[in-house]
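Read the structure below first, then the notes.
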Amino acid sequence: MSENKDNRPELNNFNTLRKAEWNSLEGLFESHAGLSFEKQLIFGDFIGSHGWQLDLGKGSILFGDKELPIQVIGSLSFNTSSWMWGWANTQSGIPENLLVQSKQLKALGEEKNIKELTDGHFNVEEGFEHKIGMLACGQFLTKSYYCANYGQGTLVITIDDDRIPGIEMDKIEKVLTCFPQLIGGISIHHENALLNYLIDRGFNIHQTEQKIEGLRNTKVIRAEFDALNRLTSLTGKI
């Protein structure tokens, strides 16, 4: 479909942007949420309706006949609504080789003085486990994360395996369906999250007050936001 250029800035108004530096847990989450959420939709199709079996000794999780390697990030207790990082859970005997990413997040927290990354155990709000999963998936460039519900809580792991399909970057229409699902399911700053998502997906950006436009391969996605940075419109010329 050809595009009416009168309805958007000229192509030279679109620039290659880098993500802004983050200095909070929320900023790190916003930086990775969009792409990580799209990865999760792909991963859900990959594992289907199979239940999970975890083997910490082997460092893997099994879905049907698919055995996949894991890293343990941390766990959420349903009883106390509290989060414990894997590196802090010394009672569970988690093998050290499965705690590499958890410890790297702690080191990031020490570097940037982010309390949530350095405190071993603390109370959290609903949905926190998914925020951690998405930021870890993005930070470590893994194919997916998974929240393994064991009844009294859930274990958050990352999974990286070449058998899991990757994101098809040229199918930019996925942004139009994935992003509304993301913001409908979890609390996040809409404008920041979409900007980072478009950057991750290789878009050039034109940003004005309460509006973001992304350009990739002559295709454009447009988003508008209200004064509270909530998405009011998301359209595309695909």
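Tabulated data for the structure shown
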| quantity | calculated |
| --- | --- |
| Longest segment of the chain lacking trypsin sites (Lys or Arg not before Pro) that sit in a DSSP loop with at most 14 other Cβ atoms within 10 Å | 59-162 |
| For the range 158-203, convex hull of alpha carbons as volume per residue, Å³ | 106 Å³ |
| Interatomic Cα distance distribution for the chain, bins of 5 angstrom, percent | 1, 6, 13, 17, 18, 15, 12, 9, 5, 3, 1, 0, 0 |
| Under-16-angstrom lysine pairs by C-alpha in the range 26-170, whenever the two are 8 or more apart or on separate chains | 10 |
| Within a Gaussian network of the chain (alpha carbon springs, distance under 10 Å), most fluctuating of G166, G153, G184 | G184 |
| Alpha-carbon Rg/Rh ratio, for the range 25-159, with Rh computed the Kirkwood way | 0.94 |
| Cβ-placed point charges (K, R +1; D, E -1), dipole of the range 25-159 about Cα centre in debye, nearest 20 | 220 debye |
| Charge context of F29, other residues only, Cβ under 11 angstrom, K/R +1, D/E -1 | -2 |
| Residue-averaged 222 nm ellipticity for the chain, from DSSP H runs of 4+ at -39500 (n - 2.57), nearest 500 | -10000 deg cm²/dmol |
| FRET efficiency, L41 to I238 (Cβ-Cβ, R0 22 Å, nearest 0.05) | 0.75 |
| Positive-end residue, the chain charge dipole about Cα centroid, Cβ charges, pick of I199, L231, G120 | I199 |
| Point-to-point label distance, Q91-D65, nm (Cα→Cβ direction, 7 Å offset) | 4.0 nm |
| Gain upon complete extension [T218, L176; 0.36 nm per residue less C-alpha separation] | 13.5 nm |
| Neighbourhood net charge (14 Å Cβ-Cβ; Lys/Arg +1, Asp/Glu -1) for E110 | +1 |
| Length released on extending from D226 to T208, taking residue separation times 0.36 nm less the Cα-Cα span | 5.2 nm |
| Exposed-loop-free span, longest in the chain, where GluC sites (Glu not before Pro) count as exposed if DSSP calls them loop and at most 15 other C-beta atoms lie within 10 Å | 22-124 |
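No lab work stands behind these numbers, since they all come straight from the coordinates. Worth saying up front: this structure is predicted, and the values here are computed from it rather than measured. All Cβ positions, even for glycine, are placed from backbone atoms using ideal geometry, and neighbour counts span all protein chains on display.
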